[in-house]
1. How do 269, 311 line up, fewest other C-beta atoms within 10 Å first?
2. In the neighborhood of residue 132, defined by Cβ-to-Cβ distances under 12 Å, what is the net charge if each Lys or Arg adds +1 and each Asp or Glu adds -1?
3. Can you sort 107, 263, 140 from fewest to most other Cβ atoms within 10 Å of each residue's own Cβ?
4. Taking neighbour counts of Cβ atoms within 10 Å as a proxy for exposure, in what order, fewest first, do 294, 214, 31 appear?
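Rule-based calculations on the coordinates, nothing more; no lab input. Computed from a predicted model, the values in this text were never measured in an experiment. Using ideal geometry, Cβ is built from the backbone for each residue, glycine included, and neighbour counts are taken over all protein chains shown.
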Amino acid sequence: MSQPGILRPYKSDFFMPPPNTKRKYGAFFHWESPDNCPLIVPHPMISFSAQSTEIRQIDIHAREIEPLELMGRGEDFGNHFIPKYIYSTPILHESFSVDADVLCAIHDFIRVLPSKMRFSESDEIMWSDTGFWAARMGKHNYIGITEETAGQLIGDKWNGKFAYILCNNQSIIEFAKSPGNSDTAIDVYLSYDYLPPAEIRRAILHTLDGIGKWKSAGIVVDDKRSIFEKTPDNPNLNRNRMNRDFIYIEPLAVVKVASDTYHSIVMKWNFGETPWKSLNSLQYVLASCRGSFWMDSDFDSGTRYGLSGCWPYFLRNCILLECSLSEPIPDWGPAESLEQ
């Protein structure tokens, strides 16, 4: 099986946390939980963009907001001036069933698709910061990074659940294997932000032709919230409930980038009950740091962090989860007058 050689900024294996980061932790992270927990793929720094392309949004956001007394009441102070439909971003979701081994399907898809998209032979534009996966068999849970490490766990005798994610700014591609099914399920989610979805879909169909016999299992175009979020409440309000406390970071493993920097860290999920019941059983996450890399100094015992982002995407065969942390904003006390 040929190796696609994705140009990623981070290593394929987990490493021990500071000060022992020269030692490898292993190809995946494992823990045990009740059998009925959902399959969750933690994916730091998701680049998928699904903002509304409605042309009126530009004018609505650019116009002055009156009365001026509303200024300073928070980032949503002007939302009542903006029609709700403006945020209804269309997403195309199509499911496929492919007669191919899941790891072979992943490798072939990565190797072939860039050429069908008329990109250069290098795939760094499309896949430079993606390729995270999760697996479950009974009570045993595994998470990992890159298709190479997945191959060290998933083999001919694997009879559990498995999901692998490729993501860029316009697409989320989910590869999944379920117990007792030799076919690979491939689910494609496309936004309308950049290239026309029809062009990307055409390239994906040509790519599938080179993987194996396939069939479409259904296609739908719907709103982003309807497809991904699966929550009856306002998700922005719900996320605020998850950030009441700040915690000290104790990484269990790290994704290594370069000397003294880390793409993300494995840590216990200490944020309490979430707005989404299917996430309440989550015990460990891969977390990024303010959208940048972690450094050794970020793990000082006196530094506390809060949840700055928890964005679940409820895909067909797994939950894709982006998690990021940030330091609390210092309390500078009451503002002082600048007048002398």
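1. Values: 269 19, 311 16.
Neighbour counts put them in this order, fewest first: 311, 269.
2. Details: positive: 8; negative: 129, 147, 174, 322.
Surrounding charge for residue 132 is -3.
3. Lowest to highest Cβ neighbour count: 140, 107, 263.
4. Details: 294 25, 214 19, 31 14.
With the fewest neighbours first, 294, 214, 31 line up as 31, 214, 294.
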